[in-house]
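Inspection log for the structure reproduced underneath, given as structure tokens.
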Amino acid sequence: IADDAVTAATINSDIAGTGLTQNASGALEVDGTAITGDGNITSSDLTVGGDANALLGDVTLEIAPNAVTTAEIADGTITSDDIAADAINAASINPDVAGAGLTQNASGALEVDVTGISGDGSITSPNGTVTLTGTPANSLFENVGFDVNVPALTGDGSITSTDLTVTGGANSTLNDVTLEIAPGAVGNTELATDAVTTDKILDGTITSDDIAADAINAASI
């Protein structure tokens with residue numbers, strides 16, 4: 001038989017065995033539906049449907065490393081469970097994440113920007129017992145009032161005197177205080193009528209200067 005002597009027209013229909021058919025021109029064609037393979041398509045990462053023994057040899061399908069990109073991921077399908085612990089790092093934060101009160105440094109980490117925070121609370125002293133400096137208005141997130149609670153203060157200074165009787169003077173002031181009567185400070189207006197009696201006068205302290213002119217009469221001798 002010469003080369004190319006066997007043409008479609010010379011092929012008998014009994015040539016077409018299992019897996020082959022003969023078309024109207026006599027040419028042979030593969031009939032895939034008549035072929036039963038003994039190989040399977042399997043995968044540990046993909047769901048494989050269809051029949052077993054679908055191929056002439058076994059085929060394993062796996063996703064290549066780094067093969068899944070954003071184009072393969074449906075929008076809005078990534079949930080918290082899909083994200084590994086500590087997977088979101090500074091480098092993965094977009095600058096638009098830093099809103100009011102935050103800035104992003106060179107490494108991508110977020111930092112608090114105090115100058116970008118405006119509070120609506122103020123520091124006040126309703127009774128005026130605390131002097132406020134700086135910018136107390138809108139300096140906090142909530143209003144705060146400061147006042148001195150005088151009954152709660154415990155001083156370490158005392159009020160003392162060698163000439164006066166002091167009651168409750170211990171630890172009553174922030175610093176020690178001494179009370180004395182100034183020389184010449186006590187006059188007639190400071191003394192009640194008949195207030196100075198003999199028991200108030202130290203023995204031997206009355207001098208001639210203390211006795212008024214003509215004060216010593218016959219009754220006082």
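The values are calculated or read from the model by the stated rules, or taken from the named source; none is laboratory data. Source: prediction; values computed, not measured. Just so you know, the surface numbers come from the protein's heavy atoms only, side chains and all, with ligands and any DNA or RNA stripped out. Shrake-Rupley method; radii C 1.70, N 1.55, O 1.52, S 1.80 Å.
Under the definition of Cα pairs under 8 Å and six or more residues apart, what whole-number percent is the relative contact order of the chain?
Working: 245 pairs, mean separation 15.8, N = 221.
This gives 7 percent for the chain.
Heavy atoms only, probe 1.4 Å: what % of the accessible area of the stretch 1-114 goes to carbon and sulfur, would you let me know?
53 percent
May I ask for the equivalent-ellipsoid semi-axes of the chain, computed as the square root of five times each C-alpha gyration tensor eigenvalue and listed largest first in whole Å?
Working: eigenvalues 2923, 66, 34 Å².
For the chain, the ellipsoid semi-axes come out as 121, 18, 13 Å.
Using alpha-carbon pairs under 8 Å, 6+ residues apart, how would you state the relative contact order of the stretch 123-221 in percent?
On the way: 90 pairs, mean separation 16.5, N = 99.
Reported as a whole number, the value is 17 percent.
Given 5 Å bins starting at zero, what is the percent of C-alpha pairs of the stretch 1-125 in each, up to the one with the largest pair distance?
Calculated P(r), rounded to whole percents: 2, 7, 8, 9, 9, 7, 7, 7, 6, 6, 5, 4, 4, 4, 4, 3, 2, 2, 1, 1, 1, 0, 0, 0.
So who's got an amide H within less than 5 Å of the one on LEU20, skipping anything under 5 residues away but keeping other chains? H placed 1.01 Å off N, in plane.
ASP31
Counting only heavy atoms of protein chains, what accessible area per residue, in Å², does the chain have with a probe of 1.4 Å?
80 Å²
Check which residues have an amide H placed less than 5 Å from THR124's amide H, if you skip close sequence neighbours.
Here VAL144, GLY145, PHE146 satisfy the definition.
Give me P(r) over the stretch 67-185, computed from all C-alpha to C-alpha distances, binned every 10 Å, as integer percentages.
Result, from short to long distances: 10, 18, 16, 15, 13, 11, 8, 6, 3, 1, 0 percent.
Among bridges DSSP assigns within the chain, what percent are antiparallel (round to 5)? Walk me through the numbers on the way to the answer.
On the way: 9 of 15 bridges.
So the antiparallel bridges in the chain amount to around 60 percent.
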